[in-house]
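The values are calculated or read from the model by the stated rules, or taken from the named source; none is laboratory data. Values in this document were obtained by computation on a predicted structure and should not be read as measured data. Backbone-built Cβ (ideal geometry, glycine too); neighbour counts: all protein chains shown. SASA here: full protein model, heavy atoms, side chains in, ligands and nucleic acids out. Shrake-Rupley method; radii C 1.70, N 1.55, O 1.52, S 1.80 Å.
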Amino acid sequence: MLPADYISSGLTEAYALGLTNPQETAEMEAAMLQYPEVAAEVEAIRSALEGYARAHSQAPPANLKNKILARMQAAADEAKLKSVSDTGQAEPANTVPAGLITNIPQDGQAKKTETPAFISSNGGMPPTQAAATEGAKVRSINAPAIPPVTTETSFLPLLIAASVLLMLSLGTNLYLYSSLGTAQQQLAEASKRNSVLAQENDVHLTNFHSAEAEISRAHRQMAMINDMETKKIKLAGFPVSPTSAVMVYYNPKVHKAMLNVMSLPEVGPEEDYQLWAMVDGKPMDMGVIHADHDMHEMDIPPTIKAEAFAITMEKKGGSPVPTLTKIYVMGKVS
């Protein structure tokens, strides 16, 4: 196929839309390598498709961003609650650290009073100082525990922001992909309509050429009829068919003749009409003719100087000699 054949066949549009089968895809890729104009046509179709998608694109709904953010916030809160549940850390109870009180009475035992450890260990620390130290220890015990800072909680805002951006990107891409699919479908339909129009145009073009040929033929025949060298011979009916009539236009200068069958009976499936030219009193075969009302054109050999014309009915395909009993029309050249 030539480059124009690929372009007009619709394969370029189908290839750009991704609608070709593997065989057509391979053929198109080979054609694009061989013919730069085919590759340029495919690129032009793709550019037009992208421009169409951009020109007809629509902005996402205004509340799409808020919906995505709300969902992401809910997911983040759920993840935070799950993290606290998994670590098992809760508000610590007001417990006394080990070592502060040395002797704790067990069940069934008498409560013993012992001297606090700070009296002997601090070398006679004053009671007020010991009381202050003890109060500090108690306040430290009763203070709420500060939850530890973990890697998971420190990166949580970044994860939320990244997830929001990802969701926005996915939403935009899905919307653009949907718009591109619509544009591809519309382009495929336009390509199909273009193919139908091309076929209809071919039919109209064929009809135009046929009409043009008919007009040219009519002009040629009219010119021959009006030529001063053309002789008009009327072939009248013979006794076998008295109502038959044929008009012959004979121009010996250009060696052509035209027959206008005005009236001849229809022949059977095994019969034909045959035209004869009388030259020096002998019939010369001019060929088989049809008994329709169209104008028949034929060439007359230059060596033939026709004196008369006759038409006989012969067997299918004609006969080398006329059947004299089946002469339907005959006329002399004046």
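So, counting K/R as plus one and D/E as minus one, what does the shell of residues with Cβ under 12 Å around residue 316 add up to?
Values: positive: 315; negative: 270, 271, 272, 314.
For residues surrounding residue 316, the net value is -3.
Please compute the length gained on full extension between residue 63 and residue 182, using 0.36 nm multiplied by the number of residues separating them and subtracting their Cα-Cα distance.
Extra length from residue 63 to residue 182 when fully extended: 40.5 nm.
Just add up the charged neighbours of residue 248: K/R +1, D/E -1, any other residue whose Cβ is under 13 Å from the Cβ of residue 248.
Local net charge: +3.
Just to verify a number: FRET efficiency for residue 223 and residue 202, C-beta to C-beta distance, R0 = 45 Å, to 0.05? Don't skip to the answer; put the middle values down first.
Values: r = 32 Å, r/R0 = 0.70.
Efficiency computed from Cβ-Cβ geometry: 0.90.
Out of the total accessible area of the range 253-334 (probe 1.4 Å, heavy atoms of protein only), what percent is carbon and sulfur?
Answer for the range 253-334 is 56 percent, counting heavy atoms of protein chains only.
Go through the range 165-254 and name the GluC sites (Glu not before Pro) that are in a DSSP coil and have 11 or fewer other Cβ atoms within 10 Å of their Cβ.
Working: sites: 189, 200, 212, 214, 229; in loops: 229.
Counting only loop positions with at most 11 other Cβ atoms within 10 Å, the GluC sites (Glu not before Pro) in the range 165-254 are 229.
At 1.4 Å probe size, with every protein chain present, just tell me what the per residue accessible area of the range 240-334 comes to in Å². Please report the intermediate quantities before stating the final value.
On the way: 5020 Å² over 95 residues.
Per-residue value: 53 Å².
What does the accessible area per residue of the range 171-230 come to in Å², with a 1.4 Å probe and no ligands, DNA or RNA counted?
77
Quick check: net charge around residue 47, other residues with Cβ under 12 Å of its Cβ, Lys/Arg +1 and Asp/Glu -1? Spell out each step's value before the answer.
Numbers: positive: 46, 54; negative: 41, 43, 50.
Around residue 47, the surrounding residues sum to -1.
Which cross-chain or sequence-distant (5 or more) residues have an amide H under 5 Å from the amide H of residue 267, H modelled 1.01 Å from N in plane?
Amide H to amide H, under 5 Å and 5 or more residues apart or across chains, residue 267 pairs with nothing.
In the range 1-55, carbon and sulfur make up what percent of the accessible area (probe 1.4 Å)?
On the way: 1850 of 3270 Å².
The computed percentage sits at 57.
Of 253/316; 256/332; 234/282; 234/326; 232/326; 253/315, which pairs sit farther than 28 Å apart, going by alpha carbon to alpha carbon?
The answer is 253/316; 253/315.
Apply the a/c threshold of 1.5 to the C-alpha gyration tensor of the range 148-269 and tell me whether it is rounded, prolate or oblate.
Judged from the Cα gyration tensor, the range 148-269 comes out prolate (a/c at least 1.5, a/b above b/c).
Mind putting together the pair-distance distribution for the range 208-297? All Cα pairs, 10 Å bins, whole percent per bin, short to long.
14, 42, 33, 10, 1
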